[in-house]
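A.B. asks: Sharing a structure with you now.
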Amino acid sequence: MLDRLPFLIGLRYVRAKRRNHFISFISLTSMLGLMLGVAVLILVLSVMNGFDHELRTRILGMVPHSKIESPGGMSDWKSLADRLMERERVIGAAPYVEQQGMFSVGGRNEGAMVNGIQPDWEDRVSIIDEHMQDGRLDDLEPGEWNIVLGSILASRLGVGMGDRVTLLVPEASITPAGVFPRLKRFTVSGVFSVGADLDAGLAYANIEDMQTLARMGDEVGGLRLELDDLFAAGSETQAIINELGSGYRGLDWTYSHGNLFQAIQMEKRMIALLLTVIIAVAAFNIVSTLVMVVTDKHADIAILRTIGATPGSIMGIFIVQGLAIGVIGILVGVGLGVLLALTISDLIGWVETAFGIQFLDAGVYFISDLPSRLNWTDVRDIVAAALGLTFLSTLYPAWRAAKVQPAEVLRYE
């Protein structure tokens with residue numbers, strides 16, 4: 001019976017209606033604090049996981065993991081692509097010609113990067129074909145001077161399918177009338193949307209048209225590579241350059257978007273640390289609760305000691321009571337946090353539709369909707385941390401209860 005004593009009395013103290021309402025209030029506050037801290041931490045980490053996932057699938061699905069370039073251009077790029085495809089980590093290769101330029105339509109001007117691509121090769125290194133909002137990538141036929149624009153870019157220019165846009169490139173053409181910027185009129189044959197900032201500054205044209213515009217002949221700017229592990233891009237790119245020797249240079253995705261990925265990882269760690277402190281504050285409120293309970297129950301503790309309860313049993317009573325308060329708050333917090341993490345995207349979407357507001361602007365942030373991705377490993381770690389902090393917060397009050405001297409207490413009863 002004495003072995004079960006800590007659990008029976010500890011749980012009874014949790015259920016009992018206390019005469020001291022202030023103690024009840026502190027207990028409720030501790031429970032609510034744990035609940036909110038755990039729920040918010042699960043929600044925030046799920047949102048950060050969502051940003052991380054969207055970065056990998058959307059942006060890094062459009063941005064090449066690695067680029068191999070030759071300053072003088074590549075003429076025999078097909079044999080080089082076949083050679084690189086023999087490498088274990090390379091799972092896709094495609095040629096490209098990049099050209100920075102400005103689109104102009106009816107007085108509207110927008111800068112963008114135009115990628116000259118081989119449409120039937122592009123799906124090896126990009127997910128662009130999966131995000132075509134209008135038209136098809138196959139419509140980029142050589143000599144047709146068609147172009148595919150990002151949805152935000154098309155909206156800012158006020159153009160749609162079949163409209164004509166003028167591309168100005170920063171290279172001069174010398175004519176008898178003087179020096180003029182090189183320009184070419186394209187027909188909009190497609191619009192893509194990945195829900196990221198790429199929609200505002202990226203366009204696709206046929207590689208042969210871009211070779212003609214850039215006066216490159218049969219040469220291409222380089223090869224874009226898709227790897228089986230994007231985090232190996234740096235080492236793999238360096239290994240390829242070492243193998244190819246001089247005359248080639250390599251760039252990986254960390255040069256263009258690595259700072260964004262690192263920022264997300266850093267923010268995730270810092271937010272997790274800050275919210276863990278909130279959980280710690282709520283957990284250590286249990287110290288106040290149990291200290292007041294111990295003071296209120298001095299007589300009960302003395303009686304239990306006189307009938308044979310050991311100091312360890314007395315400690316167990318208050319550890320069980322504190323853990324019970326913590327477990328209730330943690331479990332409710334986990335349920336609330338998981339529910340919010342699974343529904344926050346739809347909830348934010350409904351609020352945006354209902355009130356006509358936009359929380360994330362793709363022109364400022366790299367995506368336009370709030371992503372959420374629940375990771376059960378994070379939930380496990382959060383629960384373990386919260387339980388650990390709760391357990392630590394029970395030790396001091398329980399130790400004080402075990403130090404109560406029955407003779408000293410009962411003398412005044």
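The values are calculated or read from the model by the stated rules, or taken from the named source; none is laboratory data. Everything numeric in this text was worked out from a predicted model, so none of it was measured. Note: ideal-geometry Cβ built from the backbone for every residue, glycine included; neighbour counts use all protein chains shown. We work out accessible area using only protein heavy atoms, side chains counted, and drop any ligands, DNA or RNA first. Shrake-Rupley method; radii C 1.70, N 1.55, O 1.52, S 1.80 Å.
A.B. asks: Please give the helix 254-296 orientation as an angle from the longest Cα principal axis of the chain, in degrees from 0 to 90, rounded to the nearest 10.
C.D. replies: 10
A.B. asks: Distance in nm between label sites at ALA384 and THR343, each 7 Å beyond Cα in the beta-carbon direction?
C.D. replies: The two pseudo-label positions are separated by 3.0 nm.
A.B. asks: Here is a follow-up. Please report the Cα spread of the chain along all three principal axes, rounded to whole Å, starting with the longest.
C.D. replies: 114, 52, 33
A.B. asks: Note down the nm distance, to one decimal, between modelled labels 7 Å out along Cα→Cβ at ARG108 and at THR295.
C.D. replies: Each label point is offset 7 Å from its Cα along the Cβ direction, giving 7.0 nm.
A.B. asks: Report the extension gain between ASP76 and LEU183 in nm, rounded to one decimal, defined as 0.36 nm multiplied by the number of residues separating them, less their alpha carbon distance.
C.D. replies: 35.7 nm
A.B. asks: Additional query: Calculate, for VAL281 and THR353, the FRET efficiency according to 1/(1 + (r/R0)^6) with r their C-beta to C-beta distance and R0 45 Å; round to the nearest 0.05.
C.D. replies: Taking R0 as 45 Å, the efficiency between VAL281 and THR353 is 0.75.
A.B. asks: With every protein chain in place, what's the accessible area of SER70 (1.4 Å probe, Å², nearest 10)?
C.D. replies: Its accessible surface works out to 20 Å², give or take rounding.
A.B. asks: What's the carbon and sulfur percent of the chain's accessible surface, probe 1.4 angstrom, rounded to a whole number?
C.D. replies: 57
A.B. asks: Let me ask you something else. Averaged per residue, what accessible area in Å² does the range 233-290 show with a 1.4 Å probe, protein chains only?
C.D. replies: The answer is 54 Å² per residue.
A.B. asks: With the crude spin-label approximation of a point 7 Å out along Cα→Cβ, what separation in nm comes out for ARG56 versus THR306?
C.D. replies: Placing both labels 7 Å beyond Cα along the Cβ direction yields 6.5 nm.
A.B. asks: Still on this structure: Could you compute how much accessible surface LEU43 exposes when probed at 1.4 Å, giving the result in Å² to the nearest 10?
C.D. replies: Counting only protein heavy atoms, LEU43 exposes about 40 Å² to solvent.
A.B. asks: Sticking with this structure for a sec: Please give the Cα centre distance for the range 289-328 versus the range 334-348, rounded to the nearest Å.
C.D. replies: 37
A.B. asks: Calculated FRET efficiency, ILE127 and MET270, Cβ-Cβ r, R0 30 Å, to nearest 0.05?
C.D. replies: 0.45
A.B. asks: What does the extension gain come out to for MET85 and ARG164, with contour length at 0.36 nm per residue minus their alpha carbon separation?
C.D. replies: 24.7 nm
A.B. asks: Right, next: So if R0 is 25 Å, what FRET efficiency would SER235 and THR377 give, r being the distance between their Cβ atoms, rounded to the nearest 0.05?
C.D. replies: Using R0 = 25 Å, I get an efficiency of 0.40.
A.B. asks: Follow-up question, since we're still on this one. Applying the Karplus parametrisation 6.51 cos²θ - 1.76 cosθ + 1.60 with θ = phi - 60° to the phi angles of the range 328-338, what ³J(HN,Hα) value in whole Hz is obtained for each residue in order, glycine and proline being reported as x?
C.D. replies: Rounded to whole hertz, the list is 4, x, 5, 5, 5, x, 5, x, 5, x, 5.
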